[in-house]
1. Kindly check whether there is at least one residue in the range 102-109 that is within 18 Å of K14 (Cβ to Cβ), of a type outside the set (S, T, N, Q) and surrounded by fewer than 19 Cβ atoms within 10 Å (Cβ to Cβ).
2. Just checking: which of the helices (runs of 4 or more DSSP H) contained wholly in the range 83-142 hold 2 or more residues that are without any contact (Cβ under 8 Å) to a residue 24 or more places away in the chain, within 20 Å of D5 (Cα to Cα) and of a type in the set (V, I, T)?
Amino acid sequence: MSMLDSNIFRAIEKVLYHYFDIKRELKDKEEEIMNSHKNELRINITNVGFYSDPTASTAIKLCSEELELMRKWIQIVDLARAKFKDTGKERLLEMKYFEELAIEYICSKLHIERRTFYHWRDDIVVYIANLAAKYGLYDPENNKIEIPAFLTAKSLKKCGTKKNK
């Protein structure tokens with residue numbers, strides 16, 4: 001078993017299981033921001049009225065902490081996929097987290113034993129935890145991890161997961 005706290009391990013697995021949901025949510029939010037012109041940046045100019053800058057308003061919204069958090073997780077998972085490219089670990093990552101196939105089926109397709117499956121899975125999750133620490137999303141000293149708000153469930157709130165505000 002890895003040196004990660006079980007709650008951190010589960011939080012990282014949750015991000016992996018919902019990788020495509022995170023990408024879709026990010027794309028939807030970016031499109032929503034790009035297509036909305038309500039609540040634009042308005043500056044009150046005395047005796048003249050308001051000055052509005054829709055470009056600045058859009059740029060500010062696109063740089064929100066929530067969107068940056070999603071971008072970082074997407075980048076982390078993409079880096080992990082690149083590291084394990086053309087290996088059994090890449091295929092395991094895809095089969096377990098993206099296709100959500102059964103462990104026995106994955107083992108038979110990859111021609112590995114169950115013990116190897118768990119060893120590879122741990123390697124993948126620990127590597128992603130290290131990347132998350134590098135990107136400031138995981139604090140190993142305080143055992144805290146940030147995941148996108150829409151993924152945060154009750155079971156994760158009490159297990160050291162910081163909800164993105």
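The values are calculated or read from the model by the stated rules, or taken from the named source; none is laboratory data. Just so it is clear, the structure is predicted and the values come from calculations on it, not from any experiment. Glycine also receives a Cβ, built like all others from the backbone with ideal geometry; neighbour counts cover every protein chain displayed.
1. Within the range 102-109, one or more residues are within 18 Å of K14 (Cβ to Cβ), of a type outside the set (S, T, N, Q) and surrounded by fewer than 19 Cβ atoms within 10 Å (Cβ to Cβ).
2. Output list is empty.
Here's the yes/no breakdown for (1) part of a loop (DSSP other than H, G, I, E, B); (2) modelled with pLDDT of 75 or more:
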| residue | (1), (2) |
| --- | --- |
| R10 | no, yes |
| E13 | no, yes |
| M34 | no, no |
| K38 | yes, no |
| N44 | no, no |
| F50 | no, no |
| T58 | no, no |
